[in-house]
Every structure is written in structure tokens, then in C-alpha cells.
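Comments concern the structure below.
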Amino acid sequence: MRELSLHLLDIAENGVSAGAQNITITIVEDLRTDRLKLAVEDDGRGMDAAMVEQVTNPFTTTRTTRKVGLGIPLLKLAAEMCAGSLDVESTPNVGTIVNVDFQRSHIDRMPLGDVAGTMLSLLVGWPQVHWVLRYRVDDEEFVFDDAPIKAELGDALPLSDPEVIGFLRGALREGIADVTRRTRGDNLMVTEG
Amino acid sequence: MPTVKSLDDLKKIKEQATQKRDIKTASGQAQVTVAMGTCGIAAGARETMKAVLDTIETDSLQGIIVTQTGCIGLCEWEPIVQVTIGDQPKVTYGKVTPERAQQILKEHVVGGQVVKGLVVPA
């Protein structure tokens, strides 16, 4: 995977598989400390300590343990290549938090890529989950919470309605563009020079 | 497109939509499912999903349910898209690029004709 937003999508899908009703994705770009932090928090069924130990090892995964696969080991490797780390905190019947941290300016750090596309895919594809995106750059924050949107729509329109798709995409893009206006050049897919 | 998205915009969309209900899909409720396991995502499933949503938006296709699923054990065929229309059997499409997703929506979901060349062999 060539974008961190694809990894976020992958980890969030794990939360859905774990039966989560609430999933919060957090992105923090801290320019002062040169760190990029990502977190995916779910209230799914969680894992015991033994499973958490195994979760970053691709070779202990079996077909019956649907929760894990190659996704987390790949992201862990990507973080460790960038003077960073990945850790998983989980409590059975409470939920799981995956925390990933990178040196933001590291030459090997993948771009975030299309965060709006990841969120749109999750929102429309899993409407039964309550989704929150928190995107912070230093002291500024953009929070996208789908609860008021779903409350407004009620049963009148699905999230896959053409106009609603346009609304969601626009709201995400605008919010992300605003909060990242100072850092956008650092997150382009292809950087010149 | 308006530049600031607020809940008022959403309210307007809702009011307008309840006035004109032109279902353009083939007979029966259409469901489009994109497989979004690690294998699917690595093969480009998010761009496939994006193409599905873009086509729905561009062509104003109403009444389509879009969902996701995890890995369905056909990783070599990813990105996978499944289409179910009404009570017809589910059709599984493989190696669905964004262009092919658009084709499947237009020909199968709207036109009612299965895109035979893209179906995963049973």
C-alpha cells in the first residue's frame, strides 16, 4: 500500500469486523515535534493479551482469526522504517486502539494520500457504524462526526444517495483542505525536486 | 457546487429528494458490495469504491445500496464487486478497475444486463 490513508482504511475495517459500533480515526501532524500520529479506536470485541502479542506477526494468523492479517505487520514495518512505532492496546469486550507514529519529515514516510476517499468509503459502506474523523495540525483541528448527518437524513435518504455522496465528499474535502492548508505540499503523492 | 458544506445544505438535499423520486435502476432493489479486506485494499478496492460512488453521483442513480465486505477468499480476483438486483442471484465480478466498476453500474445495475466477461468463473 502506497498511502497511509489506505492503511487507515484497512485498520478501520478490522474494527468493523470486530463488531464495533463506534470507530474514531485520529490524525495528528505535529510540526513542532516533527511527528505524525495515527490512531484507530474501536469499541469492538477486543482481543486478549496473547492475541495482541500475535497481532503484529503475519505468520501466526490463521483463517479462523479474522481480526488480523498482513495489514498491521505491514504498517508496523512502515512506521519502524521512519523512526516510529506501532502499538496495539486492546481489552476484551471493550475495544481496541491501534496507535502508529512516524517521524513526519522522514524520507521514507508514505504520504497520507486520499483521507477523504478513505472516510467516504467507510461512511457509505458501513452506515451502521458511527464514524468520527479527528484531523489535527498543531493547534488546529477538523472534526467530522457523522452523527448529526445521519440524524438529519433519518430514513428519508440513504448515505448512498447521489446528492448525499456529493455532500459527504465536499464536507470531508473542505474540512481536510482547510486544516492542512499549511502542510499540504508535504503530503502530495508525488513530490518534485 | 457550493463551497461550504453545512447541515442546511443537507436539509435542502433531503427536501428536494423527497419531491422527485425517479428510480433509474433495473427492476428491484440494487445492492453493490465492494470487498474491502487487506487483499482488496492492496489491489485498489478503494479506487473501485470511489468509481462506484462517482458514477452514482454523476449519473444521479437513486435507490442503490452500497455496502462493503471483508475478504471473501478470492484474493487473486481482487478488487471484487458483487451485484444483487431484486431477488436475482448475486453476481461476483473480479479484477474490477474503476473503469470496469463504471461499466458494471451502467450495464448491469442500470441496464439489467450482466457483464459476462467480468464475472469470476465459478
>> So for segment A:86-95 (the condition being surrounded by fewer than 21 Cβ atoms within 10 Å (Cβ to Cβ), within 14 Å of another protein chain (Cβ to nearest Cβ) and under 18 Å from the mean Cα position of the chain (by Cα)), does at least one residue qualify?
In response: no
>> Can you tell me which residue is nearest to the chain's Cα centre (by Cα) among those in segment B:16-54 that are outside any loop (DSSP other than H, G, I, E, B) and at pLDDT below 85?
In response: B:Ala17
> For segment B:85-119, how many residues meet the condition of being under 17 Å from B:Ala35 (Cβ atoms) and surrounded by fewer than 17 Cβ atoms within 10 Å (Cβ to Cβ)?
Replying inline: 4
> Filter segment B:41-78 for residues that are of a type in the set (Gly, Ala, Ser) and at the interface with chain A (Cβ under 9 Å from one of its Cβ atoms); which is surrounded by the most Cβ atoms within 10 Å (Cβ to Cβ)?
Replying inline: B:Ala45
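With the requirement that a residue be part of a helix (DSSP H, G or I) and farther than 12 Å from A:Ala12 by Cα, what does segment A:95-124 give you?
Matches in segment A:95-124: A:Val115, A:Ala116, A:Gly117, A:Leu120, A:Val124.
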>> Considering only segment A:66-75, I want to know if a residue exists there that is of a type in the set (A, V, I, L, M), out of contact with any strand residue (DSSP E or B) (no Cβ under 6 Å at 6 or more places or on another chain), within 26 Å of A:Val137 (Cβ to Cβ) and loosely packed, with under 15 Cβ neighbours inside 10 Å.
In response: no
>> Could you tell me how many of the residues in segment A:117-169 are aromatic (Phe, Trp, Tyr), facing chain B (nearest Cβ under 8 Å) and touching a residue at least 24 places away in the same chain (Cβ under 8 Å)?
In response: 1
> So which residues in segment A:1-50 are away from every other protein chain (no Cβ under 14 Å), in contact (Cβ under 8 Å) with a residue 24 or more places away in the chain and not in a strand (DSSP E or B)?
Replying inline: A:Gln21, A:Leu31, A:Arg32, A:Asp34, A:Asp43, A:Arg45, A:Gly46, A:Met47, A:Asp48
> Which is more than 19 Å from the chain's Cα centre (by Cα) and under 20 Å from A:Val28 (Cα atoms), of A:Ala83, A:Ala151, A:Ala171?
Replying inline: A:Ala83
> Which one of the conditions (1) surrounded by 14 or more Cβ atoms within 10 Å (Cβ to Cβ); (2) closer than 30 Å to A:Thr33 by Cα; (3) at pLDDT below 95; (4) of a type outside the set (Gly, Ala, Ser) does A:Arg136 fail to meet, given that it meets all the rest?
Replying inline: (3)
> From B:Gln88, B:Gln62, B:Gln103, B:Gln82, which residue is of a type in the set (S, T, N, Q) and in contact with an Asp or Glu (Cβ under 9 Å, 6 or more places away or on another chain)?
Replying inline: B:Gln62
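The values are calculated or read from the model by the stated rules, or taken from the named source; none is laboratory data. Since the model is a prediction, treat every value here as computed from it, not as a measurement. Every residue, glycine as well, gets a Cβ built from its backbone with ideal geometry; the counts of neighbours run over all protein chains shown.
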